[in-house]
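Before any comments, here is the structure.
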Amino acid sequence: MRCMTDNDSPVTRLTDEESLDLLATKTFGRLVVHRSNDIDLFPLNYTVSDGKIYIRTAEGTKLFSLNLNDDVLFEADNVEQVSDVDGRAWSVIVKGNARILTESAEIHAADELPLRPWLPTLKYNYVEITPAEGGISGRKFHLGAEPDRY
């Protein structure tokens, strides 16, 4: 069993840059959107470019919701178990604004990103998520057994 000292915190807060760097290592995340009094959570694939998150989507609830309210939450994480009781994990949450790309030049630029639908469906709409000021929260965790209580 691992013993923790006062200076050995199991949680490390990350800078915005460290958080975005970790987001860029993965392609699966979750997007939270809201309309009026309703909230939806969508699992999706994404990519990160120039400090922004990009997704593709088809017509439907997600796109409809983004048209009504561009305030979103985006989250991605990763867990690595080293043993039965030890491991590492990270989680990044981004509060920001989503914008559906409409200009030909920005759509063409988004077409060059490594972002392809996972499902065999047509997804013509690109969405860019820009983190709000102070809207990135990233943490790394050292996983382990609960310390002795007494």
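The values are calculated or read from the model by the stated rules, or taken from the named source; none is laboratory data. Predicted, not measured: the structure shown is a model, and the values here were computed from it. Here Cβ is always computed from backbone atoms with ideal geometry, including for glycine, and neighbour counts include all displayed protein chains.
Results, tabulated for the structure shown:
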quantity: The range 84-104, subset in contact (Cβ under 8 Å) with a residue 60 or more places away in the chain and farther than 22 Å from VAL127 by Cβ, residue farthest from the chain's Cα centre (by Cα); calculated: VAL85
quantity: Residues that are buried (at least 17 other Cβ atoms within 10 Å of the Cβ) and touching an Asp or Glu at 6+ places or on another chain (Cβ under 7 Å), drawn from the range 108-143; calculated: ILE136, GLY138
quantity: Any chance GLY29 is modelled with pLDDT under 95 and closer than 26 Å to LEU113 by Cα; calculated: no
quantity: Matching residues, the range 59-76, being of a type outside the set (Ser, Thr, Tyr) and free of Cβ contacts under 8 Å to residues at least 40 places away in the same chain; calculated: GLY60, LYS62, PHE64, ASN67, LEU68, ASN69, ASP70, ASP71
quantity: Checking THR5 against (1) among the hydroxyl-bearing types (Ser, Thr, Tyr); (2) touching a strand residue (DSSP E or B) at 6+ places or on another chain (Cβ under 8 Å); (3) within 30 Å of PRO147 (Cβ to Cβ); (4) at pLDDT below 95, the condition it does not meet; calculated: (2)
quantity: Positions within the range 21-44 being surrounded by 15 or more Cβ atoms within 10 Å (Cβ to Cβ) and hydroxyl-bearing (Ser, Thr, Tyr), in sequence order; calculated: THR27
quantity: Those residues of the range 105-132 which are closer than 28 Å to ARG88 by Cα and free of Cβ contacts under 8 Å to residues at least 60 places away in the same chain, in sequence order; calculated: ALA132
quantity: From the options ALA89, ALA76, residue that is under 16 Å from ARG30 (Cα atoms) and surrounded by 10 or more Cβ atoms within 10 Å (Cβ to Cβ); calculated: ALA76
quantity: Criterion (surrounded by 12 or more Cβ atoms within 10 Å (Cβ to Cβ), among the β-branched types (Val, Ile, Thr) and closer than 23 Å to ASN125 by Cα) met by exactly one of THR47, THR12; calculated: THR47
quantity: Selection within the range 130-150 - aliphatic (A, V, I, L, M) and over 26 Å from GLU80 (Cα atoms); calculated: ALA132
